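Here the structure is laid out as structure tokens; the discussion comes afterwards.
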Amino acid sequence: MHRMAKYLAWSLACVLVLATTAFAEDAITIGLLSDLSGPTSAVGAPYSEGVKDGAKYINENGGIAGKKINLVEVDYAYNAQQALAAYKRFISQDKIVALQGWGTQDTEALTKFVGKDRIPTLSASYSAHLTDPEKAPYNFFVAADYTTQIRATLKYFKDNWKKPEAPKVAFVYPDHPYGLAPIAGAKEYAKELGFEIVGDENVALNAMDAMAQMLRLQKLAPDYVWIGGTTPSAAIIMKDAQKLGFSTTFFCNIWGVDESLVKLAGDAANGAYSLQTAVVYGQKVPGMAVIEKMTGGTPKMTHYIRGFASMLVMAEGLKIAAAKGELTGPAIKEALETLRDFDPMGLTPPISFFPNDHRPNMSVFIYKVEDGKMVEVAKESLERKAEWLGK
């Protein structure tokens, strides 16, 4: 009996190995770097969920040339060294052909590696640095870059400015590659539009207090204050400003205002502007019907929707490459660079990549928090200026 049990266990192990090997051969393996436990996990977790549901949707609808997408996820806790270690495992053990990435610090740190290994990467870092193929040939994303987001909103504010004096603007952001990425370009454009820049303050992503920074800004009386953090730090900034009676118009980057902000900031969030590059849950576009069906009608954050769209765009590149031949990194990159006004089911503005320009589009949705809800107030589309590429 003991010998028979050992034989059955050995046979089961062989079957599992063979099944795993067969699945690997019949699947397209993609790495997924997520922050599920680090300082950006409040927005990282829903984004990751969106990527995974996007892959599930692709798999349930024929896959890629008959093959399933196999996502291999690592929670790197927003630590660049852990991201690098995970990437090395993706390459050596998992044999990925593409990567879904996350933050600015780690994505920029991995740029030279994905370029050398020729691994197409769609990240959730929308740093303009990653849009210049001369410097980041294998990097892509599906949202207008951070600097474009600020430029679009500054243009919206200036176009609607009614006072004779110049509007004043200040910038608050973490002293971190993610926070710093758009600042130089944003300030240059603000000056071009006629804004007076009156202040800079650093507030960390994990800050528990921003009173000192708000006190300094209050004395400068900016009409607009840019927040370049995530929802937890944005909430701290808004609540501390409210405590001081500091009245200004906050406008926040894509990670700083979402459906959770009102829970975190209360009525201090009202009047804040949110820069987004995807629809919010419930808007009537084809992709929303798909998401509602997949999630049983459970509302999802806008970060989830961008993650879902990122997977749809990557899948389109995979399909084009597969139709032409073998799925290799260079073939997928070349396929992505042929996308022209690709519509990810209405979840984002149309996507176009070019061999010399990886900016997906120049369109930004501007939402405003009113009575605890995100209400769309405008869509700004800027010119695709060559001098803005990578800046």
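So, in region 361-390, exactly how many residues are in contact with a helix residue (DSSP H, G or I) (Cβ under 8 Å, 6 or more places away or on another chain), at pLDDT 95 or above and assigned to a loop (DSSP other than H, G, I, E, B)? Looking only at that region, the number is 4. Determine if region 261-275 includes at least one residue that is touching a residue at least 24 places away in the same chain (Cβ under 8 Å), touching a Pro at 6+ places or on another chain (Cβ under 9 Å) and either surrounded by fewer than 24 Cβ atoms within 10 Å (Cβ to Cβ) or of a type in the set (Lys, Arg) (or both). Scanning region 261-275 turns up at least one residue that is touching a residue at least 24 places away in the same chain (Cβ under 8 Å), touching a Pro at 6+ places or on another chain (Cβ under 9 Å) and either surrounded by fewer than 24 Cβ atoms within 10 Å (Cβ to Cβ) or of a type in the set (Lys, Arg) (or both).
Quick one: in region 199-213, which of the residues that are touching an Asp or Glu at 6+ places or on another chain (Cβ under 8 Å), part of a loop (DSSP other than H, G, I, E, B) and among the aliphatic types (A, V, I, L, M) is least open to solvent (accessible area, probe 1.4 Å)? Walk me through it before giving the result.
Going residue by residue through region 199-213, those that are touching an Asp or Glu at 6+ places or on another chain (Cβ under 8 Å) are 202, 204, 209-211, 213.
With part of a loop (DSSP other than H, G, I, E, B) added as a condition, the list becomes 204, 209-210.
Imposing the further condition that a residue be among the aliphatic types (A, V, I, L, M) reduces the set to 204, 210.
Details: Ala204: 48, Ala210: 0 Å².
Step by step, filter region 199-213, then rank; the result is Ala210.
Any residue in region 152-167 that is surrounded by 18 or more Cβ atoms within 10 Å (Cβ to Cβ), modelled with pLDDT of 95 or more and within 27 Å of Met314 (Cβ to Cβ)? Yes: region 152-167 contains one or more residues that are surrounded by 18 or more Cβ atoms within 10 Å (Cβ to Cβ), modelled with pLDDT of 95 or more and within 27 Å of Met314 (Cβ to Cβ).
Only one of the listed residues (Ala186, Ala190) is part of a helix (DSSP H, G or I), open to solvent by less than 10 Å² (accessible area, probe 1.4 Å), touching a helix residue (DSSP H, G or I) at 6+ places or on another chain (Cβ under 8 Å) and more than 29 Å from Ala42 (Cα to Cα). That residue is Ala190. Residues in region 168-180 include none that are of a type in the set (Lys, Arg), more than 19 Å from the chain's Cα centre (by Cα) and within 28 Å of Gly54 (Cβ to Cβ). In the condition set (1) of a type in the set (Asp, Glu); (2) surrounded by fewer than 24 Cβ atoms within 10 Å (Cβ to Cβ); (3) out of contact with any Gly (no Cβ under 6 Å at 6 or more places or on another chain), Asp132 is compliant with all but (3).
Contact map, region 198-211: first residue within 15 Å of Asp240 (Cα to Cα), second residue exposed (fewer than 15 other Cβ atoms within 10 Å of the Cβ) and among the basic types (Lys, Arg), Cβ cut-off under 9 Å, separation 6 or more or different chains; pairs are Glu201/Arg216; Met211/Lys243. Number of residues in region 91-116 that are out of contact with any helix residue (DSSP H, G or I) (no Cβ under 7 Å at 6 or more places or on another chain), among the small types (Gly, Ala, Ser) and within 11 Å of Gly329 (Cβ to Cβ): the value is 1. Scanning region 88-118 for residues that are open to solvent by 20 Å² or more (accessible area, probe 1.4 Å), in contact with a Phe, Trp or Tyr (Cβ under 7 Å, 6 or more places away or on another chain) and either in a loop (DSSP other than H, G, I, E, B) or modelled with pLDDT under 95 (or both) yields Gln105, Arg118. So, in region 45-87, how many residues would count as being out of contact with any helix residue (DSSP H, G or I) (no Cβ under 8 Å at 6 or more places or on another chain), open to solvent by less than 50 Å² (accessible area, probe 1.4 Å) and assigned to a helix (DSSP H, G or I)? The total comes to 4.
Residues of region 247-264 that are more than 23 Å from the chain's Cα centre (by Cα) and more than 16 Å from Asp200 (Cβ to Cβ): Ser247, Thr249. Of the residues making up region 334-371, just one is open to solvent by less than 40 Å² (accessible area, probe 1.4 Å) and of a type in the set (Lys, Arg), namely Arg359. When residues in region 168-183 are screened for being charged (D, E, K, R) and crowded, with 16+ Cβ neighbours inside 10 Å, 1 of them pass. If you take the residues of region 24-44 that are part of a helix (DSSP H, G or I) and among the hydrophobic types (A, V, I, L, M, F, W, C), which of them is farthest from Met314 (Cα to Cα)? Of everything passing the filter in region 24-44, Ala42 is farthest from Met314 (Cα to Cα). For region 168-179, the tally of residues that are touching a Phe, Trp or Tyr at 6+ places or on another chain (Cβ under 7 Å) and either at pLDDT below 95 or part of a helix (DSSP H, G or I) (or both) stands at 1.
Tell me, please, whether a residue that is assigned to a helix (DSSP H, G or I), touching a Cys at 6+ places or on another chain (Cβ under 9 Å) and under 30 Å from Ala98 (Cβ atoms) can be found in region 142-152.
no
With respect to (1) at pLDDT 95 or above; (2) crowded, with 22+ Cβ neighbours inside 10 Å; (3) not basic (Lys, Arg), the lone exception for Thr302 is condition (1).
The values are calculated or read from the model by the stated rules, or taken from the named source; none is laboratory data. Quick caveat, the model's predicted, so the values are computed rather than measured. Methodologically, a virtual Cβ is constructed for each residue, glycine included, from the backbone with ideal geometry; neighbour enumeration extends over all protein chains shown. Areas reflect the complete protein model, heavy atoms only, side chains present, ligands, DNA and RNA absent. Shrake-Rupley method; radii C 1.70, N 1.55, O 1.52, S 1.80 Å.
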